[in-house]
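**Q** Quick one: this structure, given as structure tokens, is what I'll be asking you about.
The values are calculated or read from the model by the stated rules, or taken from the named source; none is laboratory data. Values in this document were obtained by computation on a predicted structure and should not be read as measured data. Heads up, the Cβs are rebuilt from the backbone with ideal geometry, glycines too, and the neighbour counts pull from every protein chain shown. Heads up: the accessible areas ignore ligands, DNA and RNA and are worked out on the full protein's heavy atoms, side chains in. Shrake-Rupley method; radii C 1.70, N 1.55, O 1.52, S 1.80 Å.
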Amino acid sequence: QVQLVESGGGLVQAGGSLRLSCTASGRTFSSYTLGWFRQAPGKEREFVAAIRWSGGSTEYVDSVKGRFTIARDNAKNTVYLQMNSLKPEDTAVYYCGASYFRSGSTYYTYSRAGEYDYWGLGTQVTVSS
């Protein structure tokens, strides 16, 4: 099993930056694709970014491209989300997830919450206007 703990959320003005961290205990990250999702009140959990287990390729939802960067440090069992040029519409609880590689992962896009095996409890990001 894997336990994930997010940190780094907070209150920031529009145009500001935050760096979220997610640290794992238990099994190491090396066999997992890692992702960030967010959920605002009254909305479904939304894909934000993912970094794959196989070589570290990344993908992002269109609304954050050019502003957010996902990275991983397997030695520290940590995944980061650097968020720049924040907008009020980025306000949400941000969750990290881990997707363990198996045969079915061949068909995963890693953009759906159901493709992840483990989740953190989330960290609040609030962007004021």
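**Q** Restrict the check to region 27-39 and report whether at least one residue is over 19 Å from ASP117 (Cα atoms) and either surrounded by fewer than 13 Cβ atoms within 10 Å (Cβ to Cβ) or under 13 Å from the mean Cα position of the chain (by Cα) (or both).
**A** Looking for residues that are over 19 Å from ASP117 (Cα atoms) and either surrounded by fewer than 13 Cβ atoms within 10 Å (Cβ to Cβ) or under 13 Å from the mean Cα position of the chain (by Cα) (or both), one finds none in region 27-39, hence no.
**Q** Of the residues that sit in region 31-58 and are hydrophobic (A, V, I, L, M, F, W, C) and in a loop (DSSP other than H, G, I, E, B), which one is modelled with the highest pLDDT?
**A** Once the filter is applied, the top-ranked residue is ALA40.
**Q** How many residues are assigned to a helix (DSSP H, G or I) and surrounded by fewer than 18 Cβ atoms within 10 Å (Cβ to Cβ) if we restrict to region 59-98?
**A** Summing the residues that are assigned to a helix (DSSP H, G or I) and surrounded by fewer than 18 Cβ atoms within 10 Å (Cβ to Cβ) in region 59-98 gives 7.
**Q** Which residues, taken from region 5-26, are open to solvent by less than 50 Å² (accessible area, probe 1.4 Å) and either modelled with pLDDT under 95 or of a type in the set (Phe, Trp, Tyr) (or both)?
**A** Answer for region 5-26, where residues must be open to solvent by less than 50 Å² (accessible area, probe 1.4 Å) and either modelled with pLDDT under 95 or of a type in the set (Phe, Trp, Tyr) (or both): just ALA24.
**Q** On to the next question. Would you check if there is a residue in region 99-120 being under 15 Å from the mean Cα position of the chain (by Cα), within 24 Å of LEU11 (Cβ to Cβ) and either aromatic (Phe, Trp, Tyr) or in a loop (DSSP other than H, G, I, E, B) (or both)?
**A** yes
**Q** Of the residues GLY42, GLY10, only one is touching a residue at least 12 places away in the same chain (Cβ under 8 Å) and small (Gly, Ala, Ser); which?
**A** The unique qualifying residue is GLY10.
**Q** Quick check, is LEU121 aliphatic (A, V, I, L, M), touching a residue at least 24 places away in the same chain (Cβ under 8 Å) and open to solvent by 60 Å² or more (accessible area, probe 1.4 Å)?
**A** On the way: aliphatic (A, V, I, L, M): yes; touching a residue at least 24 places away in the same chain (Cβ under 8 Å): yes; open to solvent by 60 Å² or more (accessible area, probe 1.4 Å): yes.
So LEU121 passes the test.
**Q** If you don't mind, there's one more thing I want to ask. Mind listing whichever residues of region 59-96 are touching a Leu at 6+ places or on another chain (Cβ under 7 Å) and without any contact (Cβ under 8 Å) to a residue 40 or more places away in the chain?
**A** Correct list: PHE68, ILE70.
**Q** Still on this structure, please answer the following. Could you please find all residues in region 47-58 being farther than 18 Å from THR106 by Cβ, within 10 Å of the chain's Cα centre (by Cα) and either in contact (Cβ under 8 Å) with a residue 40 or more places away in the chain or surrounded by fewer than 23 Cβ atoms within 10 Å (Cβ to Cβ) (or both)?
**A** PHE47, VAL48
**Q** Exactly one condition in (1) touching a residue at least 12 places away in the same chain (Cβ under 8 Å); (2) open to solvent by 30 Å² or more (accessible area, probe 1.4 Å) is not met by GLY114; state its number.
**A** GLY114 satisfies every listed condition except (1).
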